[in-house]
Amino acid sequence: MPHQLSPELRQLQEKVEKAARDAGLDFFTTIYEVLDFDEINMVASYTGFPVRYPHWKWGMEYERLSKSFEYGLSRIYELVINNNPCYAYLLDSNSFVDQKLVMCHVTAHNDFFKNNFAFQHSNRRMIDEMANHASRIRRYMDWYGVEKVEGFIDSVLSIDNLIDCHTPYIVPSSQKESDEDDEKGSGDAKIGRLKTNREYMDRFVNPEEFLEAQRVENQKKAQEQKKFPKEPTRDVMAFILMHAPLSRWQKDVLEMLKDEAHYFAPQAMTKIMNEGWASYWHSRLMTHNIMEPNDVIDFADRHASVMATSRTQLNPYKLGLELYRDIEERWNKGQFGLEYDQCDDMAAKASWDKKLGLGRQKIFDVRKIYNDVTFIDEFFTLEFCKRQGFFSYGYDRKKQEFLIDSLEFIKVKKKLLNSLTNLSHPLISIVDANFENRSELLLEHFFEGVELDPVYTKETLRNLFKLWTRPTHLLTTFEERPMMVSFDGENYKEKMLSRQL
Amino acid sequence: MSLRIHNDHNRFKDIVRGRIKQNLKDYIKKGEFISKQGNDKITVPVPRVELPQFRYGSRSQGGVGQGDGKVGDPISASPDQDAGQASEAGSESAEHSLDVEVSLEELAQMLGEELELPRIEPKGSRRIKNQKLKYNGVHTVGPEALRHFKRTFRNALKRQISTGTYDPKNPTVIPVREDLRYRSFKSVEKPESNAVIIYMMDVSGSMGEEQKELVRIESFWIDTWLRRHYDGIESRYIIHDAMAKEVDRDTFFHTRESGGTMISSAYRLCADIIAKDYPSQDWNIYPFHFSDGDNWSVDDTRLCIGILREQVLPHVNQFSYGQVESPYGSGQFIKDLRDSLKSHQAIALSEIKDKDGIYGSIKEFLGSGR
């Protein structure tokens, strides 16, 4: 399948990479492959990897991509994989200007993969790993049957957004100490003795029977407090892997899928930053180094279509690019720090220029140590928001349509941050794996004002039941009231609760 | 080159097919397909294909956009477009469906598999012949558009080698007039079995819009199924109240007459049509009659049975009578038919209560494979 890069493209690669290196980008070796549309649709359906485990969901994605390509609705110009060496795919029908732009874009992605902190624990041999997963799952399919293995994968994929994307960054050190603390806590010390000043009175005031009763009471309480898990855990996948009654092959499959979910998490955590970075650099490299005069119109056209904003959807390319440019300008002019923030004179603020020239260095620092949430939180400023014309919108139940609900900076920013939190997935944790003392699984949705989709919620509980093999429950909020949705293996049950448990 | 994805793609298509079959009953109920034919693609919503996950409802989330506008302005398109849902709230099960294109042909095949309908063995001696052109000959004359390049080249090469003008170092082959060859056609006769469907419908006052809708949907599926088995198929339409007349398809489905009901009038017309146009040794004949079962008189019913027994049943593959339930009709007619013609092989009777009944009724009509 791989097609040799034409000499023309090979030369272009050298040129782009030299310009990028001169500009300070630092990236893995890139291997480009040119694919036709069908092949690129296939690779895209496999989320960029040439080999994945057999599953119908890739087929569904392929169908969608092929259809929308056929109807001229969309085409994929490039694909790039976070791997060392970095693999990138180019569409063979791209014009030469497109290829130039795409190569610049890819090189910057590559730099981002290599340097951003979110990717520090990411597996740089994921292509091999994915292929290994595929052959292992294929072997299980040969052994246990396609339907059985695929059905299990279906259930697992239902919870593959329920991971704690921060687990790779947490150093497990404090955990053990806290365990010991808990043990000590339930000792003799807490037994409530009635006070007496006279020592000889003690055995009358606090007779042995009384103390014994207290001890029993305490033990009972301790028993009750012995919750499992001790603290709510957001890493549902890991919890199921550790504690659900699974056979060996099932555990293996679950673990593979968990690894894959963790591999993709950093990309979801840095979508805006990553696309913004790539767009910043393709624009910069094209206009400064790569483009020939006769490419200008085509480049401008392509770039503009990538940067198109929409009233309904946030364009991560545009937002990221503008933020990097804003940061660069602010740090070039010294528009930051206490003095600038406390300045009340709007005119002075607008023409503030200390000629520091720190912009370039700053954006390189930013691409290293921020992710989308912290990036927006830190650099999405009032001025920026106004200048770019952001607004927030919501569904109006009366008018049955989506309306702009605010232009206010604080509200817009809050909505933006909320939508990025936890990779845009609802926050759900396991609170009790021995619910009602019947080893039923109780999950809780941390409600932040956005309701869950009721149909999907039930279907997911059903799939979770298949893994846990005991009834599953979810506490959530529906129409502003706390509610518990349950699945007991046959039926769904919804119960309105008067108060949060 | 076969791509690895094709296995996954086929697997996906199997799953979708399975889901379509499960929901076939619901699709059949819908009247919206009936303007389609043969290879037309139709879009059916297939529920719950996507893998479920805990996720936010599309309505409650809202989002952040960019552009002009003030508070309270509607944003143009609805952001849940990509989910491909209808704009109205709808029932829960209608949401989260994936729109899948299938051809009517495929759907009919699935219908056949699901209802376990037998293949129909066409009768008749296939005496009707159809002429078809087949390009399988080669001639020395013909239009340039049909020039057979390979043959022409081969002839020219042969001639040059035999005359010694061919030079391997400069292998130019120039054809002259005699070398030229052209594709040519021959006409081939192909026997064909033909079929005619004669639809009859009671349009008396008691047949309301709802009843007609049932008839329309049911006859559409019957038509689709029969078309799978015959190359040439003709349809004739008869409506009747106290009088019968032949009409075109459009009128058949849309007229509302009123008045009494004399079913015998339709049967007589049907028998006439068969006798006149469709000699039964050459034609596969399928009369279908739909009514609410409320005939004018006992005498007329007796007359109907007589016509059926003597003039219709001996000639047709199968005579089908479908009785739709109507609030006005007595529904007596099907009982009378059942009593007097039950033993006859070529008759199929079915009662259609409502849209859900269509599915079962199709099976009753087409299950015998005649």
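Taking the range A:381-392 as the search range and keeping residues that are of a type outside the set (A, V, I, L, M) and in contact with a helix residue (DSSP H, G or I) (Cβ under 8 Å, 6 or more places away or on another chain), which one is farthest from the other protein chains (Cβ to nearest Cβ)? Walk me through how you get there before you give the answer.
The initial filter retains those residues of the range A:381-392 that are of a type outside the set (A, V, I, L, M), namely A:381, A:383-392.
After this cut, where a residue has to be in contact with a helix residue (DSSP H, G or I) (Cβ under 8 Å, 6 or more places away or on another chain) as well, the list is A:381, A:384-386, A:388, A:390-392.
Details: A:THR381: 15, A:PHE384: 12, A:CYS385: 10, A:LYS386: 12, A:GLN388: 6, A:PHE390: 6, A:PHE391: 6, A:SER392: 5 Å.
Among those that are of a type outside the set (A, V, I, L, M) and in contact with a helix residue (DSSP H, G or I) (Cβ under 8 Å, 6 or more places away or on another chain), it is A:THR381.
Take the range A:231-273 and flag every residue that is among the aromatic types (Phe, Trp, Tyr) and within 21 Å of A:VAL146 (Cα to Cα).
Of the residues in the range A:231-273, the ones among the aromatic types (Phe, Trp, Tyr) are A:239, A:249, A:263-264.
The one that is among the aromatic types (Phe, Trp, Tyr) and within 21 Å of A:VAL146 (Cα to Cα): A:TRP249.
I'd like the residue in the range B:47-70 that is at pLDDT 85 or above and assigned to a loop (DSSP other than H, G, I, E, B) and, out of all such residues, is surrounded by the fewest Cβ atoms within 10 Å (Cβ to Cβ).
Selected residue: B:ARG55.
Return the only residue of A:SER122, A:SER158 being within 14 Å of chain B (Cβ to nearest Cβ) and of a type in the set (S, T, N, Q).
Details: A:SER122 fails: within 14 Å of chain B (Cβ to nearest Cβ).
A:SER158 is the lone residue from the list that is within 14 Å of chain B (Cβ to nearest Cβ) and of a type in the set (S, T, N, Q).
Output the residue which, of all residues in the range A:393-410 that are among the basic types (Lys, Arg) and at the interface with chain B (Cβ under 10 Å from one of its Cβ atoms), is farthest from A:LEU452 (Cα to Cα).
Quick first cut of the range A:393-410, residues among the basic types (Lys, Arg) only: A:397-399.
Next, from what is left, pick out any that are at the interface with chain B (Cβ under 10 Å from one of its Cβ atoms): A:397, A:399.
Details: A:ARG397: 16, A:LYS399: 21 Å.
Once the filter is applied, the top-ranked residue is A:LYS399.
Name the residue, out of A:ALA265, A:ALA261, A:ALA238, that is assigned to a helix (DSSP H, G or I) and either more than 19 Å from A:PHE152 (Cβ to Cβ) or of a type in the set (Val, Ile, Thr) (or both).
A:ALA265
Can you go through A:LEU356, A:LEU314, A:LEU285 and tell me which one is closer than 26 Å to A:GLN120 by Cβ and in contact (Cβ under 8 Å) with a residue 12 or more places away in the chain? Steps first, please.
Numbers: A:LEU356 fails: closer than 26 Å to A:GLN120 by Cβ; A:LEU314 fails: closer than 26 Å to A:GLN120 by Cβ.
The match here is A:LEU285.
Just to be sure, is A:SER279 assigned to a helix (DSSP H, G or I) and either aliphatic (A, V, I, L, M) or farther than 25 Å from A:THR47 by Cα (or both)? Break it down into steps so the answer makes sense when it comes.
Working: assigned to a helix (DSSP H, G or I): yes; either aliphatic (A, V, I, L, M) or farther than 25 Å from A:THR47 by Cα (or both): no.
No: the conditions fail for A:SER279.
Which strands (runs of 3 or more DSSP E) sit wholly inside the range A:387-485 and have at least 2 residues that are without any contact (Cβ under 8 Å) to a residue 12 or more places away in the chain?
Details: elements: A:390-396, A:401-406, A:428-435, A:440-445, A:472-478.
In the range A:387-485, A:390-396, A:401-406 are the strands (runs of 3 or more DSSP E) which contain 2 or more residues that are without any contact (Cβ under 8 Å) to a residue 12 or more places away in the chain.
Between a first residue in the range A:291-305 that is more than 20 Å from A:GLU17 (Cα to Cα) and a second residue that is exposed (fewer than 13 other Cβ atoms within 10 Å of the Cβ), which pairs have beta carbons less than 7 Å apart while being 6 or more apart in sequence or on different chains?
Pairs that qualify, where the first residue is more than 20 Å from A:GLU17 (Cα to Cα) and the partner is exposed (fewer than 13 other Cβ atoms within 10 Å of the Cβ), are A:ASP298/A:SER95.
Name the single residue that is farthest from the other protein chains (Cβ to nearest Cβ) among those in the range A:411-439 being over 17 Å from A:LEU314 (Cα atoms) and surrounded by fewer than 17 Cβ atoms within 10 Å (Cβ to Cβ).
A:ASN437
Which members of the range B:161-173 meet the condition of being surrounded by 10 or more Cβ atoms within 10 Å (Cβ to Cβ) and at pLDDT 90 or above?
Of all residues in the range B:161-173, those surrounded by 10 or more Cβ atoms within 10 Å (Cβ to Cβ) come to B:161, B:165-166, B:173.
Scanning the range B:161-173 gives a single hit, B:ILE161.
I'm checking my understanding of the structure. Among residues of the range B:14-28 that are surrounded by fewer than 16 Cβ atoms within 10 Å (Cβ to Cβ) and of a type in the set (Lys, Arg), which one is modelled with the lowest pLDDT?
Among those residues, the one meeting the criterion is B:LYS25.
Going through the range B:321-344 one residue at a time, which ones are among the small types (Gly, Ala, Ser) and under 29 Å from the mean Cα position of the chain (by Cα)? It would help to see each step written out before you state the result.
Going through the range B:321-344, the residues among the small types (Gly, Ala, Ser) turn out to be B:322, B:326, B:329-331, B:340, B:343.
Answer for the range B:321-344, where residues must be among the small types (Gly, Ala, Ser) and under 29 Å from the mean Cα position of the chain (by Cα): B:GLY322, B:SER326.
Give the number of residues within the range B:276-323 that are hydrophobic (A, V, I, L, M, F, W, C) and free of Cβ contacts under 8 Å to residues at least 40 places away in the same chain.
The total comes to 5.
Condition (residue is part of a helix (DSSP H, G or I) and over 14 Å from A:TYR263 (Cβ atoms)) applied to the range A:119-133: is it met by at least one residue?
Initial filter on the range A:119-133 (part of a helix (DSSP H, G or I)): A:119, A:126-133.
Narrowing the set further to residues that are over 14 Å from A:TYR263 (Cβ atoms) leaves none.
Checking the range A:119-133: not a single residue is part of a helix (DSSP H, G or I) and over 14 Å from A:TYR263 (Cβ atoms).
Residue under question is A:TYR200, and the condition is that it be aromatic (Phe, Trp, Tyr) and either surrounded by 13 or more Cβ atoms within 10 Å (Cβ to Cβ) or touching a strand residue (DSSP E or B) at 6+ places or on another chain (Cβ under 6 Å) (or both); does it hold?
Numbers: aromatic (Phe, Trp, Tyr): yes; either surrounded by 13 or more Cβ atoms within 10 Å (Cβ to Cβ) or touching a strand residue (DSSP E or B) at 6+ places or on another chain (Cβ under 6 Å) (or both): no.
Here the answer is no, as A:TYR200 does not meet what is asked.
Taking B:VAL100 as the residue in question, decide whether it is modelled with pLDDT of 65 or more and facing chain A (nearest Cβ under 7 Å).
Judged against the criteria, B:VAL100 is not a match.
Every residue, every condition in (1) surrounded by fewer than 23 Cβ atoms within 10 Å (Cβ to Cβ); (2) of a type in the set (A, V, I, L, M), yes or no:
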residue: A:THR29; (1), (2): yes, no
residue: A:VAL34; (1), (2): yes, yes
residue: A:GLU39; (1), (2): yes, no
residue: A:TYR46; (1), (2): yes, no
residue: A:LYS57; (1), (2): yes, no
residue: A:ASN82; (1), (2): no, no
residue: A:VAL97; (1), (2): yes, yes
residue: A:CYS104; (1), (2): no, no
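Considering each residue of the range A:30-89, count those that are charged (D, E, K, R), away from every other protein chain (no Cβ under 13 Å) and within 26 Å of the chain's Cα centre (by Cα), and give that number. First the steps, then the outcome.
To start, the set of residues in the range A:30-89 that are charged (D, E, K, R) comprises A:33, A:36, A:38-39, A:52, A:57, A:61, A:63-64, A:67, A:70, A:75, A:78.
Pick out the ones that are also away from every other protein chain (no Cβ under 13 Å) and you get A:33, A:75, A:78.
Subsequent filtering for residues that are within 26 Å of the chain's Cα centre (by Cα) retains A:75, A:78.
Adding up the residues that qualify gives 2.
State all residues of the range A:319-348 that are without any contact (Cβ under 8 Å) to a residue 24 or more places away in the chain and buried (at least 19 other Cβ atoms within 10 Å of the Cβ); if no residue qualifies, say none.
Scanning the range A:319-348 gives a single hit, A:GLN335.
I need the full set of residues from the range A:85-124 which are in the same structural domain as A:GLU39 (by TED's automatic domain parsing) and hydroxyl-bearing (Ser, Thr, Tyr), in order please.
If the condition is that a residue be in the same structural domain as A:GLU39 (by TED's automatic domain parsing) and hydroxyl-bearing (Ser, Thr, Tyr), then A:TYR87, A:TYR89, A:SER93, A:SER95, A:THR107 are the ones that fit.
Before we move on, is A:GLY320 within 14 Å of chain B (Cβ to nearest Cβ), of a type outside the set (D, E, K, R) and farther than 15 Å from A:GLY276 by Cβ?
Here the answer is no, as A:GLY320 does not meet what is asked.
So is B:SER76 outside any helix (DSSP H, G or I), surrounded by fewer than 16 Cβ atoms within 10 Å (Cβ to Cβ), modelled with pLDDT under 80 and facing another protein chain (nearest Cβ under 8 Å) or not? Walk me through how you get there before you give the answer.
Values: outside any helix (DSSP H, G or I): yes; surrounded by fewer than 16 Cβ atoms within 10 Å (Cβ to Cβ): yes; modelled with pLDDT under 80: yes; facing another protein chain (nearest Cβ under 8 Å): yes.
Taking the combined requirement at face value, the residue satisfies it.
What residue, among those in the range B:174-213 that are at pLDDT below 85 and in a helix (DSSP H, G or I), is surrounded by the most Cβ atoms within 10 Å (Cβ to Cβ)?
Among those that are at pLDDT below 85 and in a helix (DSSP H, G or I), it is B:GLN211.
Would you be able to tell me the number of residues in the range A:389-405 that are under 27 Å from A:ALA347 (Cα atoms) and surrounded by fewer than 17 Cβ atoms within 10 Å (Cβ to Cβ)? Give the steps one after another, and end with the answer.
From the range A:389-405, those under 27 Å from A:ALA347 (Cα atoms) are A:389-391; that's our starting set.
Restricting the remaining residues to those that are surrounded by fewer than 17 Cβ atoms within 10 Å (Cβ to Cβ) gives A:389.
Qualifying residue count for the region: 1.
Counting only residues that are within 23 Å of the chain's Cα centre (by Cα) and surrounded by fewer than 16 Cβ atoms within 10 Å (Cβ to Cβ), which one in the range B:230-254 is nearest to B:ALA108 (Cα to Cα)? Walk me through how you get there before you give the answer.
Our first condition is that a residue be within 23 Å of the chain's Cα centre (by Cα); within the range B:230-254, this holds for B:230-239, B:246-254.
Filter again for surrounded by fewer than 16 Cβ atoms within 10 Å (Cβ to Cβ), leaving B:231-232, B:234, B:248-251, B:254.
Values: B:ASP231: 16, B:GLY232: 17, B:GLU234: 18, B:ASP248: 24, B:ARG249: 21, B:ASP250: 23, B:THR251: 25, B:HIS254: 25 Å.
Applying the filter and picking the extreme gives B:ASP231.
So, A:ARG367, is that one part of a helix (DSSP H, G or I), out of contact with any Lys or Arg (no Cβ under 7 Å at 6 or more places or on another chain), more than 30 Å from A:GLU448 (Cα to Cα) and outside the structural domain of A:THR476 (by TED's automatic domain parsing) or not? Quick ask: steps written out before the conclusion?
Details: part of a helix (DSSP H, G or I): yes; out of contact with any Lys or Arg (no Cβ under 7 Å at 6 or more places or on another chain): yes; more than 30 Å from A:GLU448 (Cα to Cα): no; outside the structural domain of A:THR476 (by TED's automatic domain parsing): yes.
Here the answer is no, as A:ARG367 does not meet what is asked.
Checking the conditions here, which among A:ASP377, A:ASP372 is surrounded by 19 or more Cβ atoms within 10 Å (Cβ to Cβ), touching a residue at least 40 places away in the same chain (Cβ under 8 Å) and acidic (Asp, Glu)?
Numbers: A:ASP377 fails: surrounded by 19 or more Cβ atoms within 10 Å (Cβ to Cβ).
Matching residue, one of A:ASP377, A:ASP372: A:ASP372.
The values are calculated or read from the model by the stated rules, or taken from the named source; none is laboratory data. Please read these numbers as outputs of a predicted model, since none were measured by experiment. Cβ coordinates were reconstructed from backbone atoms using ideal geometry, including for glycine residues, and neighbour counts include every protein chain displayed.
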